[in-house]
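No lab work stands behind these numbers, since they all come straight from the coordinates. Not measured: the values here are computed from a predicted model. Every residue, glycine as well, gets a Cβ built from its backbone with ideal geometry; the counts of neighbours run over all protein chains shown.
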Amino acid sequence: MSDWRRKNEETDEADFAELMELEEELSYEDGYLHKKRSARQAELRKKRKRNQLIREIILIALFVIATIVIIIVVRKCTGDDKKPSPSESQESTPKNTTEFVTDATEDTTRASRETEFTVPTRLPDVTTEPVPQTEPTDPPATEPPTEGTTEAQGMIYNGVQLPPYRPLQQGASVAVQSGITMPSWVVQDLIPVDGAHRPGLVINPIKHVVIHYVGNTLSSAKDNRDYFATPPDSPVYDGRQVSSHFIIGLYGEIIQCVPLNEVAYAQGVSASSGRPNHNWDAISIENSHYNDAGEFTSMTEDSLVKLTGWLLQSYGLPANTDTIMRHYDCSGKACPKDWADNPARYEAFVQRVADYMAAHPNIAAEYP
Ligand SMILES: [Zn+2]
């Protein structure tokens, strides 16, 4: 009995030992598997994270590239419409004239003006419209606009000896400007695009016609046109940037210096004045005068009525004191001097233009 018992106990012990051994093995295998699974899990997580990161980087890169492309495209599109700030004054007038002297106060530094010309919008119109360029071989000499003005000695007007009338020759010209056909009674002698007098900037929609006097008694339309055309590299260039779309002379002759679709430097004001700069939305007309009071001859004024009326009709504008402005109304300058000193004469002129337009509802057709 005790033998069996001992044997049985021994067997039991052996069984127990094996059981422990197996359990130990099992737990070892569990641990191994667990470790292996954990390692694999960590590897997969890492891989997933890396792929995610790569996808994000690619997405960001694509976004950045797209943004850059959009910016470039937008800049290219809007870049052409960019204009320099229309806040600077650009006007001055011939030497030794009252207007010239007072203009100096409105002038800006050379450097700031030069920066303005680094970004000019060159005229697409001039090249797209049918452009007969300078034609020295084709001289349609203009007839003097009023009779009795061809005398070699010049006319005596209100007791003042006028310089002789010299027939004008058409110079550089553009037949159609801003869709408006230029009439034959305007002599085109466009000054060169030089970045100074004629910057070649596209003008905004026209809202006004601004009237000036040249401030240089008895100077002709041609004299003033040639002054505007002084090359910036000429030794006689005075550093001023000044021009006008039209100049009317003592005998009523009309010269165009700057095309209708371009800015002329005639009635600019400095930004500090707080006034709008009408260089950007007005056609300017300079006028010769026969005395220092700045009075126009009747021939000058007759041409001025016709030209102003034709311009207003061409732009579909009425004649009133808003559409017809004096330089005085733009900047406070005494220009035209006679109309600044005698506002009633300016008002009478506006009325004359209104009456003329009513009597001639289609000046362009009537006087092509
Ligand atoms: Zn003026």
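Stretch Val69-Asn51 to full length: gain in nm at 0.36 nm per residue minus the Cα-Cα span? Don't skip to the end; give the middle numbers.
On the way: separation 18, 0.36 × 18 = 6.48 nm, distance 2.70 nm.
Residue separation times 0.36 nm, minus the Cα-Cα distance, leaves 3.8 nm.
Separation of region 291-343 and region 202-241 by C-alpha centroid, Å?
Here the two parts' Cα centres lie 16 Å apart.
To the nearest 0.05, what FRET efficiency results for Thr11 and Leu44 with a Förster distance of 51 Å applied to their C-beta separation?
On the way: r = 48 Å, r/R0 = 0.95.
That pair, Thr11 with Leu44, gives E of 0.60.
For region 1-63, just list the percent of Cα-Cα distances falling in each 5 Å bin from zero outward, please.
4, 14, 9, 10, 8, 8, 7, 6, 7, 5, 5, 4, 4, 3, 2, 2, 1, 1, 0
Looking at region 174-313, I'd like the Rg to Rh ratio, where Rg is from alpha-carbon atoms and Rh is Kirkwood's inverse mean 1/r. Don't skip to the end; give the middle numbers.
Details: Rg = 14.4 Å, Rh = 15.2 Å.
So for region 174-313, dividing Rg by the Kirkwood Rh gives 0.94.
When you have a sec, figure out the Kirkwood radius of region 261-356 from all distinct Cα pair distances and drop it here in Å to one decimal? Please report the intermediate quantities before stating the final value.
Values: mean 1/r = 0.0714 Å⁻¹.
Result for region 261-356, one decimal place: 14.0 Å.
Quick one: what are the phi-derived ³J(HN,Hα) couplings along region 173-188, Karplus 6.51/-1.76/1.60 with θ = phi - 60°, whole Hz, x for glycine and proline?
Calculated HN-Hα couplings, in order: 9, 10, 5, 10, 10, 6, x, 9, 7, 6, x, 5, 7, 9, 8, 8 Hz.
Counting alpha carbon pairs within less than 8 Å and at least 6 residues apart, what relative contact order, in whole percent, applies to region 253-368?
Details: 109 pairs, mean separation 27.6, N = 116.
Normalised by residue count, the contact order of region 253-368 is 24 percent.
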